[in-house]
Structures are given as structure tokens and as C-alpha cells.
Number of protein chains: 2
Amino acid sequence: MPEKIFEKIDVVGIGNALVDVLVHTDDAAVAALGLTKGTMQLISQAEMEKLYAHIGPATEMSGGSAANTIAGIASFGGSAAYIGKVANDQLGKVFRHDITAQGITFNTAPHMDNLATGCCIVLVTPDGERTMNTFLGASNALTTADLDAALIGAAQYIYLEGYLFDPPEAKKAFYAAAETAKAGSTKVALTLSDLFCVGRHRDDFQKLITTHVDLLFANEQELCAQYQTDNLDAAIAAARGHCDILAVTCSAAGAIIITPDEIIKVPAEPVARVVDTTGAGDLFAGGFLYGLTQGLPLAECGRLGTVAAAEIISHIGARPQQPLAKLAA
Amino acid sequence: MPEKIFEKIDVVGIGNALVDVLVHTDDAAVAALGLTKGTMQLISQAEMEKLYAHIGPATEMSGGSAANTIAGIASFGGSAAYIGKVANDQLGKVFRHDITAQGITFNTAPHMDNLATGCCIVLVTPDGERTMNTFLGASNALTTADLDAALIGAAQYIYLEGYLFDPPEAKKAFYAAAETAKAGSTKVALTLSDLFCVGRHRDDFQKLITTHVDLLFANEQELCAQYQTDNLDAAIAAARGHCDILAVTCSAAGAIIITPDEIIKVPAEPVARVVDTTGAGDLFAGGFLYGLTQGLPLAECGRLGTVAAAEIISHIGARPQQPLAKLAA
């Protein structure tokens, strides 16, 4: 059977498909759980169930880092696709509904075996900061067989989350996707995802950055950790030659876009009240990639990133609640 | 085996246990679906699946009218219990988690047969108004056997939602619960729930109000429909003799508390921006019942009702996101 022919696609995201379980809590509770605020830790199913039994009433919403980014691109009006693994259970159907309801191509077959759809228990503190506890579940079952070469080949960019290095088979799929992209004219974007994720995968990330990555997203802490320095300028200088574009997010200070030729500082978009920072980095990447694939100047790509991040941190959850196309205008 | 002895309980709620699926949409979409904005319609599983496939990305949160009320009472610091039927599926577990995480007694055995946990697809329009589409699912399986006489006997009030008249077996349980309450010293509170619900059950509601109901909640439209008049004063006059306390909610105009001896007007609590009115009536009832069971004056009970309603309409979803005890102070 011939591969399906896809229309030109702006971005294909590949990531761990998760449903977020968002709960309001406080700093003392986060500390009592032995967690580092603002980071992500991996937990087993037993740990997830124990934590869930411990937390207060929650809200369930589709999440997953790259999926959030792709949802942002679609909300701006971009054409997007997603590859990731959910189970055929209720939360898997919620994830599938939410992403396809935005017109995003999502053809990955559901996992039909023993794993439940993965989830991320997100502890949101009163300052809006989030601390994430991820049970990978069915997202562990993503393999190279789930990659759609025609889909990847039709895209301007594939977008890979660093978190995908955690499930062993997904890591292989990650490399295969990057190879498939490079074999054609598809560019490769990567996010370092999380401080602890960099700690787990620094050397592998570094190899990939120097050989395959055209566009690298990171926040200040992640970039410094990747280049093992306390100095952001030193980290930027080290990363600068390794990829065409480096986009560094700096929380309330906005973002910095670095190319071999220029450094562009982008101020943060003002927000009345920061409710929940879950998805801020994901949505910055979404706005930036949307702008880039529309051929917009880098400063405008950065502005779209900050517009999307500002929308997402003003409410609970990591998916846009207003059309970003309207906010961008 | 002897029945479990319960500590004194403020309120036991009995209702259709549902998970809300909340989605932002617009007036045109609500009209195109042939729906009457602000009301609730019952839908089959096939209709639910069709509607779900049609709507945009959503947020899942525990709901159910009486369950929202009970969550409000617990958030104020009241002791509360709930009786309602979910399935043993993922959404049923979400419902059970969220209600028990608030310290609410919820011992109803899950439905183990073919019905999925019920859900309510809530279309939220830009004015914050909600239009509800309920698939009863497992809540259809609530029967008299699920009633816990010891629990009901230990409560100051049972709180019954009019929606419970829709599933035939639940209607029998509704009557049995009211009888059990009346056989002891437990008082009976009822909400008329919805304009269309009144249309379906007017005569049965009327019999119950005159024979069993001590405290009646309704909004203006529901009370007028119940007494088949366009005039709120006429409706109030007709209802006044039938129960000890009548609490009528009037949206932005606040509420009116009516007893045989007095009429108390309660202003609405100011809200910066109405995001989603889902649960406003439920939470008014929660605040009011909390005050009443603490022995507070009726005007203060009304104020607590408006405080709870104001919190709930300022965010997506029908469960409090801040401790109401703190807001009440």
C-alpha cells in the first residue's frame, strides 16, 4: 500500500502523550513530598497512585510537552501533526479528542496492551509555579514503528521534546525521526525540556545538538546545565555554533533569540495575574515555530512565543483557551 | 451486621454523579445544536459521543449538581456526605478521588456493569453562561439499595437535586430518602434544578414540596415554572406556605430568602469577570446550607451562598478552587 501523501505541514511534534492532573497546593506540601519546585520527576504507577490519593480535588486536561506546543501552533492557524502513544482508555480518548478537535493530524495507533494512558500530576503553588510528576504509562510504548515517514517528510520542522529520551524505545524513535527528517528537507527542533532531564541525558543531547538539531529551545537553567556552567552568556557562547537558531526563555524577562549573526532580546508579554505556569515553555515554542514556518522575522517569532506563553500562564492548564491567532493580531 | 454509626453530619447530598466536560464555544454554535442556552438537556450515549466529536478541546472536572453543593459545604469546613453512582472506570475514579479528597464521606458502591460514568458536556459561551448536555450513564443505576439509612439519620439535612427524578430508579430512591429523613429528625432540602426539569416533573415536585420539603432552592425561572406564572411575587406567594424556607436565586441580583415570617434580600457578591456560571446555583445552596447547619442567621446563610457562587463563576468548572472558609472570613 502506498504511503499516504500529506499536504505540506508546518510542524510535526513527537512526544510523550500525557493527560495532566492539575491540583492547587502550597510550597510546604511540595517540599514535604521531597520535590524540587519547578522541575519534573518520573514516577511509577504505584507512586502515581499513592500521590493521587494524597492530593486534593484536581482538574484533568490534555497535556504532554510537544503536544502542547503543537496545540499552540494549531491555535495560531498553523498546520500541524502529532506522534505519541496513548492507551485506548477514557483518558486516552480525551487526549485524542482534544488534539484532533483542533484539526491536528494524529494517527498514532493506540496502545492496546496493559499500560494506561500516561499522566502528569502537576502541583500548582500559589505563585503559579508548577512541579510535575510524570507516570509515562502508554507513552512508554512509542516505538520507531509509530513514526510516519511521509508525515515527517511533508513537514517544515519536526519538534522533539527532550522528555522523549526517558522511555528507551521512544529514544530510538527520536533518533530515527531525526534521521528521517535529515534525509529530506525537514528541519529538526529540540527542547531540552527540564533541568533534571538534562542531567539524565546531557551527553546524548549534546551529540544530537551537534549533528541533527537546527533549532534548540531551552530555558536559562537548562542551557546552563547542558553546558555545565553557571553563566548564561558562557552557555550561549558554547551552544551558538551548534545549531542555526537558539531560543532561550528567561521567565518574566522574556526570551533571547541567538543565531550565528545576531542576538535578539524579546520582552515578556504582560500578564495581569500568573495563575499556572504549566506549559509556558511549550507554548513559547509553539508561537515561535508558527512564526518561523510562516517565514516571519525572528523578532516577530519571539513575540508570538511570548503572546502564547502569556495566554497559557493566565489560566489553569497547558492548552490555549482562546484562539492564539486572535491574540497575536 | 449492625449499621455503621456515623458522627453527626451537616448535610448528605444525593444526586446524579457526573464528570463535567467543559468547552468554550459561542452562541451561534449553541443555537446550531438546537439548544436553549442556560438549560440542561438529557442525551443518550450515542448523542453524547456525537456531540463530543463535534466540540473543541475540553477540560474534565468532577461535577454533578448535588455533588458540587456538597463540595461547597466541605470547602467551608462543614461535615458532609454524598450518595451517587459512578462506574469503576477512569472518570468514575476521578469523581471518587475529587470528592473524598475533600474529606466527604462517599461510600456508594461503584456500578460494575455496562454503564460508563455519566458526564455532562457543558458549552460555555463568552458571556459565561453555560448550556448543559447530560448523559446519565452509571448515575442511572442508583437505586434505593444505595441509600444508607444510618448516614441519612445522622444528618441535619439531606439535599436532593430535582435532576434525580430523571433516572426512574433514582426517583424511587429520592422518595425513600425523603421518607427516611422524615422518620427521624433529618430535614429535607430540594433544588428544582432546571427549567426543563420542572417541566418534566412539576406535579411530582409539587407533591413532594407540600409533604416532605423543609427548604426549597430555585432560581426565578424555575420557581415561576413550578407555579405556572410569569410573576415572581405570585410564585413566591404560592410557594411560601409549603416549606419552612424558600431560597430564590436571581443571578446578578443576588437572592431572596423567604420564610413564613420574613423576606430577606441578599445582594450578589461582586465578581471581576464572570468566566463560567456552571455551578453557581449549586454553590449558592452549598454556602446557604453550611450557614444553616452552623446555626447562623438567614441573612448570613444567604451571604455565604453568594460568596460561594462568586468564587465558582470566576473560573472554569463547578468545584471551588480556593477554600471557601477563607473567602467567607
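Somewhere in the stretch A:60-73, is a residue surrounded by 24 or more Cβ atoms within 10 Å (Cβ to Cβ) and more than 30 Å from A:Ala325 (Cα to Cα)? Break it down stepwise before answering.
Taking the stretch A:60-73 as the starting set, the residues that turn out to be surrounded by 24 or more Cβ atoms within 10 Å (Cβ to Cβ) are A:60-73.
From what is left, the residues that are more than 30 Å from A:Ala325 (Cα to Cα) are none.
No, the stretch A:60-73 contains no residue that is surrounded by 24 or more Cβ atoms within 10 Å (Cβ to Cβ) and more than 30 Å from A:Ala325 (Cα to Cα).
Of all residues in the stretch A:138-148, none satisfies being among the charged types (D, E, K, R), over 15 Å from the mean Cα position of the chain (by Cα) and modelled with pLDDT under 95.
When the residues of the stretch B:290-321 are filtered to those that are among the polar types (S, T, N, Q) and in contact (Cβ under 8 Å) with a residue 40 or more places away in the chain, which remaining residue is surrounded by the fewest Cβ atoms within 10 Å (Cβ to Cβ)? Result: B:Gln294. All conditions but one from (1) at pLDDT 95 or above; (2) surrounded by 19 or more Cβ atoms within 10 Å (Cβ to Cβ) apply to A:Ser185; the one that does not is (2). Scanning the stretch A:11-67 for residues that are more than 14 Å from chain B (Cβ to nearest Cβ), of a type in the set (Asp, Glu) and closer than 22 Å to B:Val94 by Cβ returns a single hit, A:Glu47. B:Ile236 passes every criterion in (1) part of a helix (DSSP H, G or I); (2) of a type in the set (A, V, I, L, M, F, W, C); (3) touching a Lys or Arg at 6+ places or on another chain (Cβ under 9 Å) apart from (3). Taking the criterion of being closer than 23 Å to A:Ile121 by Cα and either of a type in the set (D, E, K, R) or surrounded by fewer than 24 Cβ atoms within 10 Å (Cβ to Cβ) (or both), the residues of the stretch A:142-168 that qualify are A:Glu161, A:Phe165, A:Asp166, A:Pro167, A:Pro168. Search the stretch B:284-324 for residues being within 14 Å of another protein chain (Cβ to nearest Cβ) and aliphatic (A, V, I, L, M), and hand back the single one that is nearest to A:Asp26 (Cα to Cα). Per the stated criteria, the residue is B:Leu324.
Here no helices (runs of 4 or more DSSP H) wholly within the stretch A:1-84 include at least 3 residues being of a type in the set (Gly, Ala, Ser), within 22 Å of the chain's Cα centre (by Cα) and under 14 Å from A:Val122 (Cα atoms). Residue-level analysis places A:Asp98 outside the set of residues that are more than 17 Å from the chain's Cα centre (by Cα) and closer than 19 Å to A:Gly279 by Cβ.
Listed here are the residues, each with its yes/no results for (1) closer than 22 Å to B:Glu311 by Cα; (2) away from every other protein chain (no Cβ under 14 Å); (3) outside any loop (DSSP other than H, G, I, E, B); (4) free of Cβ contacts under 8 Å to residues at least 24 places away in the same chain.
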| site | (1), (2), (3), (4) |
| --- | --- |
| B:Leu91 | no, no, yes, no |
| B:Phe95 | yes, no, yes, no |
| B:Ile99 | yes, no, yes, no |
| B:Ala109 | no, yes, no, no |
| B:Ile121 | yes, no, yes, no |
| B:Gln156 | no, yes, yes, no |
| B:Tyr159 | yes, yes, yes, no |
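Of the residues screened, B:Cys250 is not one that is farther than 27 Å from B:Pro126 by Cβ and either crowded, with 19+ Cβ neighbours inside 10 Å or touching a helix residue (DSSP H, G or I) at 6+ places or on another chain (Cβ under 9 Å) (or both). The set of residues in the stretch B:123-137 being β-branched (Val, Ile, Thr) and in a loop (DSSP other than H, G, I, E, B) consists of B:Thr125 alone. Does B:Phe76 fit the bill of being touching a Phe, Trp or Tyr at 6+ places or on another chain (Cβ under 6 Å), of a type in the set (Phe, Trp, Tyr) and surrounded by fewer than 24 Cβ atoms within 10 Å (Cβ to Cβ)? Spelling it out, it is not the case that B:Phe76 is touching a Phe, Trp or Tyr at 6+ places or on another chain (Cβ under 6 Å), of a type in the set (Phe, Trp, Tyr) and surrounded by fewer than 24 Cβ atoms within 10 Å (Cβ to Cβ). Can you pull out the residues in the stretch A:80-115 that are under 16 Å from A:Ala58 (Cβ atoms) and touching a helix residue (DSSP H, G or I) at 6+ places or on another chain (Cβ under 6 Å)? A:Gln90, A:Leu91 - these are the residues of the stretch A:80-115 that are under 16 Å from A:Ala58 (Cβ atoms) and touching a helix residue (DSSP H, G or I) at 6+ places or on another chain (Cβ under 6 Å). Which condition from (1) surrounded by fewer than 24 Cβ atoms within 10 Å (Cβ to Cβ); (2) more than 13 Å from chain B (Cβ to nearest Cβ) is the one that A:Ile83 breaks? With respect to (1) surrounded by fewer than 24 Cβ atoms within 10 Å (Cβ to Cβ); (2) more than 13 Å from chain B (Cβ to nearest Cβ), A:Ile83 is out only on (1). If you go through the stretch B:184-215 and keep only what is assigned to a loop (DSSP other than H, G, I, E, B) and farther than 15 Å from B:Ala239 by Cα, you end up with B:Gly184, B:Ser185, B:Thr186, B:Ser193, B:Asp194. Annotation note: of B:Ala141, B:Ala170, the sole residue that is closer than 30 Å to B:Lys37 by Cα, among the small types (Gly, Ala, Ser) and in contact with a His (Cβ under 6 Å, 6 or more places away or on another chain) is B:Ala141.
Can you tell me which residues in the stretch A:228-262 are β-branched (Val, Ile, Thr) and touching a residue at least 12 places away in the same chain (Cβ under 8 Å)? Lay out the reasoning, then the answer.
The first filter runs over the stretch A:228-262 and keeps only residues β-branched (Val, Ile, Thr), leaving A:229, A:236, A:245, A:248-249, A:256-259.
Residues satisfying the conditions are A:Ile236, A:Ile245, A:Val248, A:Thr249, A:Ile256, A:Ile257, A:Ile258, A:Thr259.
Applying the set (1) modelled with pLDDT of 95 or more; (2) out of contact with any strand residue (DSSP E or B) (no Cβ under 6 Å at 6 or more places or on another chain); (3) within 14 Å of another protein chain (Cβ to nearest Cβ) to B:Cys250 leaves exactly one unmet item: (3). Is it the case that B:Val30 is surrounded by 20 or more Cβ atoms within 10 Å (Cβ to Cβ) and over 22 Å from B:Gly305 (Cβ atoms)? Criteria not met by B:Val30. Only one entry in B:Ala177, B:Ala181, B:Ala170, B:Ala225 is part of a helix (DSSP H, G or I), touching a Lys or Arg at 6+ places or on another chain (Cβ under 9 Å) and in contact (Cβ under 8 Å) with a residue 40 or more places away in the chain, namely B:Ala170.
The values are calculated or read from the model by the stated rules, or taken from the named source; none is laboratory data. Note that the structure is predicted; figures quoted are calculated from it, not measured. When we count neighbours, we look across all protein chains shown, and the Cβ atoms used for this are built from the backbone with ideal geometry, even at glycine.
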